Each structure stands twice: as C-alpha cells, then as structure tokens.
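The values are calculated or read from the model by the stated rules, or taken from the named source; none is laboratory data. Just so it is clear, the model here is predicted, and its values are computed rather than measured. All Cβ positions, glycine included, derive from the backbone under ideal geometry; neighbour counts span all protein chains shown. SASA here: full protein model, heavy atoms, side chains in, ligands and nucleic acids out. Shrake-Rupley method; radii C 1.70, N 1.55, O 1.52, S 1.80 Å.
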Amino acid sequence: SLIYTETQKESYFVNELLGKMASSEKNIEVLKIRRHIDEKLLDKLAGYYQGHIPISGIYAFLGILSCALYNFSYFVVSNEFSSNFGNTRYKGKVINHQWSKSYEFETLFQKHVENSISPDLFYFSLMRPFYEIRIAELFVNYKEYFPFFSSCNANFKIDQDNADRKQWCGKCPKCIFAFLLFSPFLSKEALIGIFGQNYFQNVDNLVTIRDILGFGKIKPFDCVGTFDEAKAAFYMAREKFRDDVAGEMFLPKIDPEDNRYFFYSKRTTLKIYFEGKIKPLELVKKVFKTQLSSVPDYMKFLGMQNALILGYGKEGKVTEEYVKQNFPELKIGVGDVSTDPDYLAKQEEYDIAVRSPGVRKELIQIPYTTATNIFFSWVKQIPGVKIIGVTGSKGKSTTASLIYHILAKAGKRAELLGNIGEPMLETLLNKNVKPGTIFVLELSSYQLDDIKFSPDIAVVTNIFHEHIDYHYNIKNYYAAKKNIVKYQQEGDAFIFNHKNKKILAWTKDTKAKPVPFAQTIPVDDSEILLQGKHNMQNIKAAIAVAKVLDIDETAIRGAIKTFKGLPHRLELIGEYSGIKFYDDAISTTPESTIEAIKTLPQVGTIFLGGQDRGYTFSRLEKIIKKKKIKNIVLFPESGKRIFRKGKKGLNILETASMDEAVKFAYQFTLKGQVCLLSCASPSYSLWKNFEEKGDKFQAAVRQFSMIKNNASKKTL
C-alpha cells in the first residue's frame, strides 16, 4: 500500500499520477493523508515569518503517525543522496536548505522514533543510495509516467489556481536541473517533448545553468543536485548540446582541456576551486556509485544494477540463489579467495556486495549487506515469528540443537538455522515462512560483527579468547559477541551464565530482561546422554529458554533424556583393542580441550595442534601433566608451541598425518585408557574444517582396527 501526504493545493498532479497507477495492471491501494494549512499562516498582516520550512521533517512526523494509526511498519520516502550537500557557508557553518531531506536528519529522526515512539516503526528513504542522476537513469525506463511528473516550484504555489498550472515553467532552477539531469538518457526530441522547449538555447537561463554547474558563487536555494552530477550530466550529453548557447559557454569548462578543477574539502564540506583540470570521466564514475543507506537489508538490491557475493561457500551459494530468485534482472558476480586471490579488487565494479561470514567487514569498500541481516530484516516483519539466537566461544551448537529438540518435543513450529542446520536464506527461498514460526539460530562472532538486529531471545553460553586473527584483538571479538544483545528491546530476553563476570556486565547495556541459566536440571544425571560439566551448562541454558517460552516441563525432560549430542563433540567412536576413542574435533581452543580432559577419565593419548592463532597453552600444559597424559601427538602449526616448560616424561609424535597419529595411539595407549582427538587449535592448517578432521580420525581408527583384527586372525 502507498501512504502519502499532501496539502490542499498539492493534489493536482499527484491525483493524475495516482489515477494512472490505479488504472494500470498492478493496482496500488492508496491511503490519502491530507494536511491542512491554517489560513492565518498566510495572512501577511499577521506578522508571521514567511519562507522555507523543513517540510520533509513535517512529513516524516505525519508519516510515522499515519503508520502508527493504520498499522504500517515502514514510512518510505524518496530523498536522494544529493540532498546531503549544502548551498553556502554562513558564520563558519554549511547551510543546507534541504537538511530535513538529508541522511543526517534521516538517521537522527529514526533514532528518535526508535527511542521515543516505537522500535517497530521505521522511517527511511528508498532512494538514499543514489545521486539524482542515477535516479533519472532509472526513471527513463518508465515512459508512461512522462506526462505526469514535474519538478517545478511554480506548480506548488498555494495562491495559484490549478487551471493556470504548467508542469514546467522553464525558468526556475528545478526545471533547468531536471532538463540537464535527463539529457544524457533521452534524445533531444524526447526532452523537448517533455519540457516543451530546449532550455539550453534560452539566453535567460545561462545564469541559472552557471550556478547549477558550480561555476557561479552559490548553489541555488532550490532542491537541485550537486555540482558534480550536473557537470557529469552535461559532459555525457555534450554531443547533443555542443552547438547550443549553453553548450558553447559551459562545455569547454568541463572539457578535459579546461584549466580548472575542484575537489571536495573534508574540512569545510564545500567545493573548492584550484587551477588545474576537471576530470569529467572521474566525475561520471563518482556520481554513479552507490552510497550507504538505511534501506532495510532485504530491499537493498532495489535500483541496483549488479551485486557481488564475497565468499562462495555454502552460505554464499544459497545467497546467490536467493538474490537470483528475488531480483532476476540483477547481474551477480562472485568473489572467492579459492578461485581468485585478488577477488577483493573487483569491488569497484559493483553497486553492492553481500559479505559472507569468512570475509572481514574491514575489507569491503562498497555498500554491502549480509545474509544474516537480510534474514532478520525479512522475518522480523512476519507476525508471531520469534528468533532465538545462540552464541558463545563454545557450546553454541549443542545449546542451539537442544533448544530446537525441546521445541520439537513440545510440538512447536521451529527451524534450526545458521552455522548449524541450513543457511538462513535457504528457508526464504520458498517464501513460505508461516506466522508463529520459532527460528533457532547459531550465530558466530563473524555473523554478529556487523549485525543490525538482535534476536527476541539472546543466549550466550560463555566467552573466552578466540578468533583473534579475524577480529585483530580480544576487544573487537567481545564487541562482536555483545552485538547479540545490542538491539534488544523491552519484552526480549537475555539468557546468560551469571557466573561469567564479562557476560554478567552485559545485562546493564540491554533493554531485554536478564534471565540466568536454570539452576537445576529436572532429570537424573544417569538419564543424560551428554557428557561433560560444560554440557550441563548448555542444558541449563536451553532450559532457561524453554521456561521463557512457557514450554511444559514434561517436554523439557523428554527432550533432555533423548538428546544424543552432535557429531565431533566428545563423540565416542567405539572401543577397539581395549582403547576408547573419542572424537572431540570441535574443540579448537585450549579452554574447550581442558573441559574435554576433565570430562573423560584415564586419557592416555591426546592429539593436539593445528592452525596457530596465537593462543596461550600454559594452562593446558599444566592440566596434561597433572592428569599424567603421557602419549602426545602434535600437529603443525601450533603443536610445536604447546609444551614450553619441557617435554620430559612425554612420549611425543610430531606429524602432519592422521594415519600416523592413529597408528601411534594404537601402539602406545594402554588397554582401559582413552585416546582423545581434541586439538586446542583450529583445523585449517591441515584440514578444511573440524568436520573433515573428525571424519579422517574416525576413518583411521576403524581402518587400523580392521588391520589389527586381520593380523590377529592370521596369527591364530
């Protein structure tokens, strides 16, 4: 539906346009909100100030009020990037008479709406990513509206009768700028057909054209675009108007042979002129580039010509499918380090990028979004949908899976997405998200790093040093994790471990209700299939979520008793030659490996090492020696750093081969002991991911068991 506002005298052309739209094949339901001006304001004898008012700001308030009254979420306006630029300087300040159309106003007003009116109402401009010249390029594809649009101030004079109106007066800066803006995209004949005359042939317009192009002393106090795009438009249309009076006078100033150029001063935000050359091709490139905006992420592709997907793993491939399905005319490119080490250099060729989690946000130089933000912005509109987000340095996969298992046992409509389960956008491909669905998302620090939303229920399992190579330092890592509660509102819930002081401190910085982990587990320890003290905390986190959702305790107990855990998480592969082999490939930090050692009695052999992210292993070293784990396999790269205090009394194998490691374990692990794969480092030095590492470990364990069995049979 379309909501728009109008004064008593502004309805003439708007009604014609709406009539045209209503008679088209795609009917639009229209709700008119009429603004009445008090006649006293027009009384010149009353002493009121006459002049420009922030009408766009007034419309912003009226629009949000209308949304609240008529149950809309978005109030959408069409203020372009060009409105951010001022006209002149006064007492050291830049004066922009279009300030209430600017991005600064938009962001400030939206913060006011969120904090003082409602976080469920959103004000934004759909045209904000574009200079006006880019919007003109888009508009020329809709020729059926040419007879109905206008950008002339003379049309909107309150004391003028409708009968006297002309769509284009041909004299005001707005008329001339519009003519200039459309000139690169239409023939001379088509332009004259719209505007009634060739404005570049009228000598009376030269002063106005000079000011619009930036060759005068001041930018006109009318809603016109920037000097850059005016020059770029004239340069692009130079062949059509070179012989016209305006072309003869001003095109030489824009031509590369001219002896002047300007740059944009960061200190004053004004154009400064110096001797040199204007570089028109650079101007053209500049004004067609897209800009940052507040457009909801699932709408960000509107008006774009192309998009670049950065990172082409599982999520990147689903993102490509999603974009193709929803924006079929968009040209899509892919950049991935596996196929092109210089993939980031392609960015400047695209309007927008979609960042995959493995690509750092600091590396992206153009406007971008993420699959996570697209998903949140889409499903947050659907009535009754709840999002449960789970993060933490460790335990998030198990906790998210158990929450989903509880919801399934309780008969709730739920989906498990994110790092575990299918990518978030997978569920949007069929556009069949039903009201009341509960989404359980496992969210990594990579996904949270630039998230714009928080889940209705945020769960943080724990937090300690991890991913420093990605986030550069521990402060950035903690900040990324904390984003899970940053945008929570009253009525939301924050599930946390009250024993963790860092996480406890976050309760002061969120509007959500803080809910500690459950204190007890409503089943006997013998009925729990999960192993490890750390998993007891994961269970308590899941119980707290279930309680917030008013899940029946019978369903909670049944789910806990039947939840077997996830692959590669303290997974017992089996007992071979009297040795119990455990796959804990998910443990990629010293802290998680320490928990695994504490959980399993009689560890005789442990596999350690992998990608070196600079972790400190001193505590792990102490635990290994305290538990008298004698047989050690060390994988590169970090393996060589683990035992800094000496290797005396240890039986150590340094290898890059999983087969050699498992053979070593069979040779030296005593019967009744445990062989544990729990490397305390990421897997990427030797394997694609922890799953591949765990799979190779399990395959090697079973293969050597068969070899030993066959050897025993031959001996017999």
Dipole magnitude (debye, nearest 20) for the chain, charges at Cβ of Lys, Arg, Asp, Glu: 3220 debye
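Want the number for residue 204 to residue 48: 0.36 nm per residue separation, take away the alpha-carbon distance, what's left? Provide the component values of the computation, followed by the final result.
Numbers: separation 156, 0.36 × 156 = 56.16 nm, distance 3.37 nm.
Residue separation times 0.36 nm, minus the Cα-Cα distance, leaves 52.8 nm.
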Gain upon complete extension [residue 221, residue 688; 0.36 nm per residue less C-alpha separation]: 162.1 nm
Alpha-carbon Debye profile of region 333-407, log10 I(q)/I(0) at 0.16, 0.17 Å⁻¹: -0.80, -0.85
Residue 302-residue 282 pseudo-label distance in nm [points 7 Å out on the Cα-to-Cβ vector]: 3.5 nm
Binned Cα-Cα distances of region 349-447, short to long, each 5 Å bin given as a whole percent: 2, 12, 21, 22, 18, 12, 7, 3, 1, 0
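Among rounded, prolate and oblate, which fits region 69-135 when a ≥ b ≥ c are the square roots of the eigenvalues of its C-alpha gyration tensor, a/c under 1.5 means rounded, and a/b larger than b/c means prolate?
Values: a/c = 3.49, a/b = 1.57, b/c = 2.22.
Oblate shape, in that a/c is at least 1.5 and b/c is the bigger or equal ratio.
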Selected from 79, 616, 669, residue furthest toward positive end of dipole (the chain; charges at beta carbon): 669
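Out of region 403-505, which GluC sites (Glu not before Pro) are coil in DSSP terms and have no more than 16 other C-beta atoms within 10 Å? If you can, show how the numbers build up before the last one.
On the way: sites: 415, 426, 442, 466, 490; in loops: 466, 490.
Those that pass, being in a loop and sparsely packed, are 490.
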FRET efficiency, 1/(1 + (r/R0)^6) with R0 30 Å, evaluated for residue 90 and residue 115 via beta carbons: 0.45
0 to 90° range, to nearest 10: angle between helix 11-22 axis and the chain longest Cα axis: 50 degrees
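Longer than 32 Å from Cα to Cα, which of 481/630; 91/346; 111/540; 475/561; 111/166; 502/622 are they? Say none if no pair is. Present the calculation step by step, with values, prior to reporting the outcome.
On the way: 481/630 37 Å; 91/346 43 Å; 111/540 36 Å; 475/561 38 Å; 111/166 40 Å; 502/622 25 Å.
Correct reply: 481/630; 91/346; 111/540; 475/561; 111/166.
At 1.4 Å probe radius, can you tell me the per residue accessible area of region 316-405 in Å²?
Value for region 316-405: 40 Å² per residue.
Please grab the % of Cα pairs in region 285-373 that end up more than 15 Å from each other. Write down the numbers at each step before the final one.
Working: 2138 of 3916 pairs.
Looking at region 285-373, the distances longer than 15 Å represent 55 percent of pairs.
Viscosity 0.890 mPa s, temperature 25 °C: what is the translational diffusion coefficient of region 612-716 from Stokes-Einstein with a Kirkwood Rh over Cα pairs, rounded to a whole number of µm²/s? Let's see the in-between values first.
Details: Rh = 15.0 Å.
D, rounded to a whole number, is 163 µm²/s.
Ranked from the most accessible area to the least, with a 1.4 Å probe and all protein chains present, what is the order of 76, 295? Before the final figure, lay out the partial values.
Details: 76 65, 295 5 Å².
From most accessible down to least: 76, 295.
May I ask you to compute the full-extension gain from residue 40 to residue 702, defined as 0.36 nm times their residue separation minus their alpha-carbon distance, rounded to one decimal in nm?
Working: separation 662, 0.36 × 662 = 238.32 nm, distance 9.09 nm.
Computed gain between residue 40 and residue 702 is 229.2 nm.
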Where region 461-573 is the region considered: accessible area per residue in Å², 1.4 Å probe: 50 Å²
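Any number yet on Rg/Rh for region 56-187, C-alpha, Kirkwood? The partial results should precede the final answer.
Values: Rg = 17.2 Å, Rh = 17.0 Å.
When Rh is taken as the Kirkwood radius, the ratio is 1.01.
I'd like to check one number: the per residue accessible area of region 78-152, probe 1.4 Å, reported in Å² as a whole number.
On the way: 3570 Å² over 75 residues.
Per-residue value: 48 Å².
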Calculated FRET value between residue 533 and residue 361, using beta carbons and R₀ = 41 Å, to 0.05: 0.70
Förster radius 51 Å - calculated FRET efficiency between residue 107 and residue 710 (Cβ-Cβ, nearest 0.05): 0.10
For region 388-458, size of Cβ-based charge dipole, Lys and Arg +1, Asp and Glu -1, in debye: 300 debye
Rh by Kirkwood over Cα pairs, then Stokes-Einstein D for region 370-505 at 1.306 mPa s and 10 °C, µm²/s: 105 µm²/s
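Whenever you get a sec, compute what percent of the accessible area on the chain sits on carbon and sulfur atoms (1.4 Å probe). Display every interim value, and only then the final one.
Values: 18150 of 34890 Å².
The C+S portion of the solvent-accessible surface of the chain is 52 percent.
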Long-range HN-HN contacts of residue 487 with modeled amide H, under 5 Å: 454
Residues whose placed amide H lies under 5 Å from that of residue 125, excluding near-sequence neighbours: 77, 294
Dipole moment magnitude, nearest 20 debye, region 102-259 about Cα centre, only Lys, Arg, Asp, Glu C-beta charged: 140 debye
Percentage of interatomic Cα-Cα distances in region 436-502 larger than 16 Å: 49 percent
At q = 0.15, 0.21, 0.29 Å⁻¹, base-10 log of I(q)/I(0) for region 573-634 (Debye sum, equal scatterers on each alpha carbon): -0.46, -0.90, -1.61
Dipole axis of the chain (+1 Lys, Arg; -1 Asp, Glu on Cβ), positive-most option in 203, 109, 658: 658
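So how many Å³ per residue does the convex hull of the Cα atoms of region 496-558 work out to?
Details: hull volume 4.9 nm³, N = 63.
Value for region 496-558: 79 Å³ per residue.
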